[in-house]
Amino acid sequence: MADQQQTASSRIDISVPHSARIYDYWLDGKDNFAADRAVAEALVAAIPTIRSMAAENRYFVHRVARYLAGQAGVRQFLDIGTGIPTRPNLHEIAQQIAPETRVVYVDNDPIVLAHARALMVSTEQGRSEYIHADLREPEMILNHRTLRETLDLDQPVALTLVAILMLLGDADDPWRKVRVLMDALPPSSYVAITHPTGDFNPESMAAGVAAAADSGMTLVPRTREEVARFFDGWELVEPGLVPVMAWQPDDGEPADSHAAYYWAGVARKP
Ligand SMILES: C[S@@+](CC[C@H](N)C(=O)[O-])C[C@H]1O[C@@H](n2cnc3c(N)ncnc32)[C@H](O)[C@@H]1O
């Protein structure tokens, strides 16, 4: 791992904006550079509430980890597009409920790899590991030795894809990439997805897409129907595919659940 981290540090290019670092800036983190901050601010100008949307996605991770480890009884997680570690991380929440939980984190950004030590924790019972890999190559993730040593694919797994799929254009066929992962999981597995959309505020989202494009970044908002396709054949749990703030909220229905322009859903494999 030390060697991998060395390689990661040397591969970090601070002149090119990266989504993990832009997100980190919105979440008041310290792992971002001028190129990231410039795009982050351009996106704030287009979508003034985008910082709180990043926070809403983190809150969703917390709620979904509690639901899956608690009510759903899942003991294995595969989290793709993890981002720079932000406490509480998914494994911390799940292991608080079920200490034996095992988590594999995946991201393709060298800066996340450089921080991976914070994500790799073995306790007496549980374990969390990190794989530097790309969602566009799902077979490589599934066949990775670390995944095979950490997760038992004969037992239910929760696949979490939070605020990542908009970074894959349609040409990458994100539906097929996600399906390869879903097909590898046994019945009673879960998939949890959040995805930005233009459905709630088309003008603002279009301005955001333009700001991202100006910086050479891919940002693809998708309609409710397009997001629903990711779940095809699996059973959405309550409350279904809803605005992220309305997915099992902690404090009752939010006053304006459309304030964060993201769809969110969790589904179970029959
Ligand atoms: C917007 S952040 C979301 C972080 C986290 N899931 C959350 O909601 O707080 C997106 C993350 O996905 C990662 N990512 C983007 N494209 C990826 C790909 N093709 N394969 C793996 N990770 C990717 C980025 O490096 C970044 O860390």
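Checking VAL157, VAL162, VAL191, VAL178 one by one, the residue that is within 11 Å of the ligand (Cβ to nearest atom) and on the phi < 0 side of the Ramachandran plot is VAL162 and no other. Residues in region 157-207 that are part of a helix (DSSP H, G or I) and of a type in the set (D, E, K, R) were compared, and the one that is surrounded by the most Cβ atoms within 10 Å (Cβ to Cβ) is LYS177. Output the residues belonging to region 13-36 that are within 15 Å of the ligand (Cβ to nearest atom) and either on the phi > 0 side of the Ramachandran plot or in a helix (DSSP H, G or I) (or both). Selection gives SER19, ALA20, ARG21, ILE22, TYR23, ASP24, TYR25, TRP26, ASP28, ALA35, ASP36.
The set of residues from region 73-88 being of a type in the set (A, V, I, L, M) and either at pLDDT 95 or above or more than 12 Å from ALA118 (Cα to Cα) (or both) comprises VAL74, LEU78, ILE80. Restricting GLU129, GLU149 to those that are in a strand (DSSP E or B) and either more than 10 Å from the ligand (Cβ to nearest atom) or out of contact with any Lys or Arg (no Cβ under 9 Å at 6 or more places or on another chain) (or both) reduces the list to GLU129.
Could you tell me whether ALA94 is surrounded by 15 or more Cβ atoms within 10 Å (Cβ to Cβ) and touching a Ser or Thr at 6+ places or on another chain (Cβ under 8 Å)? Here the answer is yes, as ALA94 does meet what is asked.
Look at region 109-123: where a residue is among the small types (Gly, Ala, Ser) and a partner is in a loop (DSSP other than H, G, I, E, B) and at pLDDT 90 or above, sitting 6+ places away or on another chain with Cβ atoms under 6 Å, you get ALA118/PRO85. The single condition among (1) more than 21 Å from ALA267 (Cα to Cα); (2) touching a Phe, Trp or Tyr at 6+ places or on another chain (Cβ under 6 Å) that GLU129 does not satisfy is (2). With respect to the conditions (1) without any contact (Cβ under 8 Å) to a residue 40 or more places away in the chain; (2) within 14 Å of ILE47 (Cα to Cα), THR197 falls short on a single one, namely (1). Can you work out which of the residues in region 8-27 that are exposed (fewer than 13 other Cβ atoms within 10 Å of the Cβ) and hydroxyl-bearing (Ser, Thr, Tyr) is modelled with the highest pLDDT? It comes out as SER15. If you go through region 195-216 and keep only what is charged (D, E, K, R) and closer than 16 Å to ILE22 by Cβ, you end up with just ASP214.
Just wondering, is there one or more residues in region 51-65 that are surrounded by fewer than 23 Cβ atoms within 10 Å (Cβ to Cβ), aliphatic (A, V, I, L, M) and away from the ligand (no atom under 12 Å from the Cβ)? Among the residues of region 51-65, not one is surrounded by fewer than 23 Cβ atoms within 10 Å (Cβ to Cβ), aliphatic (A, V, I, L, M) and away from the ligand (no atom under 12 Å from the Cβ), which makes the answer no. Scoring ALA213 on the criteria (1) among the small types (Gly, Ala, Ser); (2) crowded, with 18+ Cβ neighbours inside 10 Å; (3) free of Cβ contacts under 8 Å to residues at least 24 places away in the same chain leaves a single failure, condition (2). For region 200-210, a tally of residues being touching a residue at least 12 places away in the same chain (Cβ under 8 Å) and not aliphatic (A, V, I, L, M) returns 4. The residues of region 149-183 that are among the β-branched types (Val, Ile, Thr) and closer than 19 Å to GLY216 by Cα amount to a single one, ILE164. In region 91-126, the qualifying residues are those that are of a type in the set (A, V, I, L, M) and near the ligand (Cβ under 9 Å from one of its atoms), and the one that is nearest to the chain's Cα centre (by Cα) is VAL106.
The values are calculated or read from the model by the stated rules, or taken from the named source; none is laboratory data. Everything numeric in this text was worked out from a predicted model, so none of it was measured. Neighbour counts are summed over all protein chains in view; Cβ atoms, including those assigned to glycine, are modelled from backbone coordinates with ideal geometry.
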